[in-house]
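Below is one structure; the comments refer to it alone.
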Amino acid sequence: MDLVIPRGGAGLIRAVVEGARVPVIETGVGNCHLYVHRDADLDVALRLLLNGKVQRPGVCNALETLLVDREIAPVFVPLAVKALRDAGVEVRGDDGAAMYAPGVRPATEEDWETEFLDLVIAVRVVDGLPGALDHIGRYGSKHSEAVATTSLDVARRFQDGVDAACVYVNASTRFTDGFEFGFGAEIGISTQKLHARGPMGLAEMVTYQYRLTGEGQIR
């Protein structure tokens, strides 16, 4: 056996990574975030949020955490929480989220680390782009991250500052998929950097054999 690609829950993947004696491509675990910047189009941000969390919550590219810029939190947090609750989502939030959406269940440290794979989301109010990058750097799983913003500068800084296989600007994390990327049948979504990263198709599984024919050439 040349390679193992574990597909399943975090426990299975961790056991394979720690115990395998052959190379492993680590796939699947997706603690994915949407950061809503103060310059975001809030209608777009709401669409990304609901699609990312509700359309298919039990997959690795679903959203697990919403990060909201403090400057727009008084407006966006109530809108987001109402829309999420109307869609059947349980919302857990920090003190900042609870300030603008009373009744939000207090989020714990474990919530920020959890891939819920369910109709549950954690919400945190952050101090601008640096606060969002700090949170994602600490809790993200290097799978898929998204920003909602109308600022080209913020979009570029977010993509430069986030270490993830797929980094979206004004698009849903639900697009992280081999078939959606045009790779055909998906083998997995790698959260590593070598040898493949992100959605993998057949091409990422192909290796090489060099066949050389000469007429007596020497070096």
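Here is a check on your reading of the model: is residue 190 buried (at least 19 other Cβ atoms within 10 Å of the Cβ) and either more than 21 Å from residue 92 (Cβ to Cβ) or not hydroxyl-bearing (Ser, Thr, Tyr) (or both)?
Considered against the rule, which asks whether it is buried (at least 19 other Cβ atoms within 10 Å of the Cβ) and either more than 21 Å from residue 92 (Cβ to Cβ) or not hydroxyl-bearing (Ser, Thr, Tyr) (or both), residue 190 comes out as yes.
Give 67, 50 a once-over and let me know the one that is of a type in the set (A, V, I, L, M) and assigned to a helix (DSSP H, G or I).
Exactly one residue qualifies, and that residue is 50.
Considering only the stretch 116-128, I want to know if a residue exists there that is exposed (fewer than 14 other Cβ atoms within 10 Å of the Cβ), closer than 19 Å to residue 70 by Cα and either of a type outside the set (Phe, Trp, Tyr) or assigned by TED's automatic domain parsing to the domain that holds residue 73 (or both).
yes
Could you check how many residues of the stretch 73-93 are surrounded by fewer than 18 Cβ atoms within 10 Å (Cβ to Cβ) and not in a helix (DSSP H, G or I)?
Number satisfying all stated conditions: 3.
Quick check: is even one residue across the stretch 109-129 farther than 18 Å from residue 48 by Cα, touching a Leu at 6+ places or on another chain (Cβ under 6 Å) and either touching a residue at least 12 places away in the same chain (Cβ under 8 Å) or of a type in the set (Gly, Ala, Ser) (or both)?
Among the residues of the stretch 109-129, at least one is farther than 18 Å from residue 48 by Cα, touching a Leu at 6+ places or on another chain (Cβ under 6 Å) and either touching a residue at least 12 places away in the same chain (Cβ under 8 Å) or of a type in the set (Gly, Ala, Ser) (or both), which makes the answer yes.
Restricting to the stretch 19-47, give me the number of residues that are of a type in the set (A, V, I, L, M), surrounded by fewer than 24 Cβ atoms within 10 Å (Cβ to Cβ) and outside any loop (DSSP other than H, G, I, E, B).
Selection size over the stretch 19-47: 4.
Under 6 Å by Cβ, and 6 or more places apart or on different chains, what pairs join a residue from the stretch 197-219 that is within 19 Å of residue 187 (Cα to Cα) with one that is in a strand (DSSP E or B) and of a type outside the set (Val, Ile, Thr)?
197/190; 198/166; 200/188; 200/190
Out of the residues in the stretch 25-38 that are under 12 Å from residue 170 (Cα atoms) and not hydroxyl-bearing (Ser, Thr, Tyr), state the one that is nearest to the chain's Cα centre (by Cα). Talk me through it step by step, then tell me what you get.
Taking the stretch 25-38 and keeping what is under 12 Å from residue 170 (Cα atoms), we get 34-37.
From what's left, not hydroxyl-bearing (Ser, Thr, Tyr): 34, 36-37.
Numbers: 34: 8, 36: 14, 37: 17 Å.
Applying the filter and picking the extreme gives 34.
Out of all the residues in the stretch 83-101, which are over 23 Å from the mean Cα position of the chain (by Cα) and over 19 Å from residue 56 (Cα atoms)?
Result: 95, 98, 99, 100, 101.
Identify, please: which residue in the stretch 174-217 is at pLDDT 90 or above and among the acidic types (Asp, Glu) and is, among those, nearest to residue 32 (Cα to Cα)?
Filtering the stretch 174-217 for residues that are at pLDDT 90 or above and among the acidic types (Asp, Glu), the one nearest to residue 32 (Cα to Cα) comes out as 177.
Check whether at least one residue in the stretch 32-53 is farther than 28 Å from residue 71 by Cα and either touching a Phe, Trp or Tyr at 6+ places or on another chain (Cβ under 8 Å) or free of Cβ contacts under 8 Å to residues at least 40 places away in the same chain (or both), and report yes or no. Let's see the steps before the verdict.
Narrowing the stretch 32-53 to residues farther than 28 Å from residue 71 by Cα: none.
Within the stretch 32-53 (the criterion being farther than 28 Å from residue 71 by Cα and either touching a Phe, Trp or Tyr at 6+ places or on another chain (Cβ under 8 Å) or free of Cβ contacts under 8 Å to residues at least 40 places away in the same chain (or both)), the answer is no, since none of the residues qualifies.
The values are calculated or read from the model by the stated rules, or taken from the named source; none is laboratory data. Remember, predicted model here, so these are calculated numbers, not experimental data. Every residue, glycine as well, gets a Cβ built from its backbone with ideal geometry; the counts of neighbours run over all protein chains shown.
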